[in-house]
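First comes the structure, then the notes that go with it.
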């Protein structure tokens, strides 16, 4: 938690981070930065605050500015607070060709927010993102670790209700739901 | 039915697990390579196979491997590029999710050939759940003696790690990928030096696409000569094609190189024809970066020959009338598609994904997106179309990495083949705005 409490990884996360750092040659522990930022984002309310980035820097023994430099480059890292469920709808060609715009505008109406905004209850943030590699099962959206494919507006409604009733924060690092192959 | 090398077992229940994969001949290439071949002999088989990089560039894999510098006492790295981000491409995700051990097996065999003792699979962050599938497969491979010290009792040892990215198309460019793997921003490096000389941590490095690495398995098992018999000309072997857009059967198909495009689009074995019986308007054959072709030119070359799914046939006619096989991201557009709006969609993508290092790309991609938006909005002029042409011509070839070209080619080809449509937007903005120029989900039948 970042609201006044000490910023520190859980014991499990810290052990995982330390294992990760051993994947690289000695002195190259900065290589673990992106995976570690994913863990930090999941553990500290879904976004990377200044103090969280400073903490990650201290764990990896690098400068805070190196963490910010990297974190600010990648679209999956949130540098501002987000809702518990970040709904990311793919907007690129293959999804657009089969109705991504409708999925986006439907979600805007349903959640009563625009793309980029968060609902007032802090439950949902809506994002439109570039190609997620699910073009054959378009339109699609990602929430946390899960890909939701072959979307219809009904399917979107059902999913939003499900997320709302669960009320849980969704992270990329979550265990994904089992998928039908 | 074409020959399948990579996806021949993808329908077998439980093939994701080590046991089932092994029962179906899995890890035979590692056994063969480590116990009966020298590393050089493996490289030789890959050279003979004629395998070309499956990520998009199509560079001969054996040649890339032979460029790897081998200074004494310096570590060498094999890095698998699983950053699959080219719009329209999803074959690597399919392969990794369904047959994860095929990639692990290929990584071990290829790492042996290159003399690497630490290898990495760099996978795009959005594929987090796939990275866990790979991690499970790697753990199984360690438990069964295919990774770690003295693999299967030989002198060869290898550690293999999965590394996730965090959302950046540019990290599919190999030097940007290496920067990202080092924990930095994904800014492509100036070449030379090429990764074969100075790659990961400044050490000699080979970066290969998922499908390229997977193809090493059948090449070692059956021999490079056998692999080279499949396909056509210098396009040997099979290729995974990601088919999407307005077709009846989107999905990943393994094709023998040389399959006619017309058969690929219309036969029941592959795409199953255009959705709703509508007419074909255009195809982007190799991922968003390659030139778009109108129906007549994708089905037949300018000389009237049937266009084939191969590096050479798709490129026939150069950029004037041809395109590229690229990553095999095959996006099909029916007659209802607005080429102008699709181009705006692509240009927005490249603007969003430009790393910002080179001015022509950083500024040009944003400029093109804005001009296209102005045209779509009904405020464009004929001069804007010429301006677009001018901007793209000043990006192409003028940037550190190929993202600049990738942003320029869709614009150039759309104007080249569909200029009249741009002019319609300019001359009759009102009527165009009234047209439903994109699919509406409510009307689409699922």
Considering only residues of the stretch B:349-372 that are more than 14 Å from chain A (Cβ to nearest Cβ) and in contact with a helix residue (DSSP H, G or I) (Cβ under 7 Å, 6 or more places away or on another chain), which is farthest from residue B:398 (Cα to Cα)?
B:371
Right, residue B:37: closer than 13 Å to residue B:221 by Cα and either in contact (Cβ under 8 Å) with a residue 60 or more places away in the chain or in contact with a helix residue (DSSP H, G or I) (Cβ under 8 Å, 6 or more places away or on another chain) (or both) or not?
yes
Tell me which of these residue A:125 doesn't satisfy, since it passes every other one: (1) closer than 22 Å to residue B:344 by Cα; (2) out of contact with any helix residue (DSSP H, G or I) (no Cβ under 7 Å at 6 or more places or on another chain).
(1)
Can you name the number of the only condition in (1) closer than 24 Å to residue B:57 by Cα; (2) not in a helix (DSSP H, G or I) that residue B:146 fails?
(1)
Would you mention how many residues in the stretch B:157-193 are part of a helix (DSSP H, G or I), over 18 Å from residue B:351 (Cα atoms) and more than 10 Å from every other protein chain (Cβ to nearest Cβ)?
4
Subset of the stretch B:11-34 that is on the phi > 0 side of the Ramachandran plot and in contact with a helix residue (DSSP H, G or I) (Cβ under 7 Å, 6 or more places away or on another chain) - its residue that is surrounded by the most Cβ atoms within 10 Å (Cβ to Cβ):
B:27
Can we say residue B:200 is under 29 Å from residue B:146 (Cα atoms) and modelled with pLDDT of 95 or more?
yes
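A quick yes/no check of all residues on (1) at pLDDT below 95; (2) at positive phi; (3) in a loop (DSSP other than H, G, I, E, B):
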site: B:73; (1), (2), (3): yes, yes, yes
site: B:81; (1), (2), (3): no, no, no
site: B:85; (1), (2), (3): no, no, yes
site: B:89; (1), (2), (3): no, no, yes
site: B:93; (1), (2), (3): no, no, no
site: B:102; (1), (2), (3): no, no, no
site: B:107; (1), (2), (3): no, no, no
site: B:116; (1), (2), (3): no, no, yes
Scan the stretch B:296-319 residue by residue and report those that are under 21 Å from residue B:230 (Cβ atoms) and in a helix (DSSP H, G or I).
B:311, B:312, B:313, B:314, B:315
Note on the stretch A:15-54: residues under 28 Å from residue B:117 (Cβ atoms) and away from every other protein chain (no Cβ under 14 Å) are A:15, A:18
Check residue B:290 against each of (1) part of a helix (DSSP H, G or I); (2) crowded, with 22+ Cβ neighbours inside 10 Å and name the one condition it does not meet.
(1)
Scanning the stretch B:35-56 for residues that are within 19 Å of the chain's Cα centre (by Cα) and on the phi < 0 side of the Ramachandran plot, which turns out surrounded by the fewest Cβ atoms within 10 Å (Cβ to Cβ)?
B:53
Candidates A:154, A:174 - the one that is within 14 Å of chain B (Cβ to nearest Cβ) and part of a helix (DSSP H, G or I):
A:154
Within 10 Å of residue B:209 (Cβ to Cβ) and either outside the structural domain of residue B:117 (by TED's automatic domain parsing) or out of contact with any strand residue (DSSP E or B) (no Cβ under 6 Å at 6 or more places or on another chain) (or both): is that true of residue B:97 in this structure?
no
Does residue B:242 satisfy the condition of being within 14 Å of chain A (Cβ to nearest Cβ), in contact with a helix residue (DSSP H, G or I) (Cβ under 9 Å, 6 or more places away or on another chain), under 26 Å from residue A:90 (Cβ atoms) and assigned to a strand (DSSP E or B)?
yes
Does residue B:129 meet the test of being part of a loop (DSSP other than H, G, I, E, B), more than 16 Å from the chain's Cα centre (by Cα) and modelled with pLDDT of 95 or more?
no
Residue in the stretch B:329-336 that is under 25 Å from the mean Cα position of the chain (by Cα) and away from chain A (no Cβ under 12 Å) present
no
Going through B:88, B:50 one at a time, which residue ends up being in the same structural domain as residue B:217 (by TED's automatic domain parsing), touching a residue at least 12 places away in the same chain (Cβ under 8 Å) and under 25 Å from residue B:162 (Cα atoms)?
B:88
Of B:207, B:217, which residue is away from chain A (no Cβ under 12 Å), buried (at least 24 other Cβ atoms within 10 Å of the Cβ), touching a helix residue (DSSP H, G or I) at 6+ places or on another chain (Cβ under 9 Å) and closer than 23 Å to residue B:70 by Cα?
B:207
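The values are calculated or read from the model by the stated rules, or taken from the named source; none is laboratory data. All values derive from a computational prediction rather than experimental measurement. For neighbour counting, all protein chains shown are included, and Cβ atoms are generated from backbone atoms with ideal geometry for every residue, glycine included.
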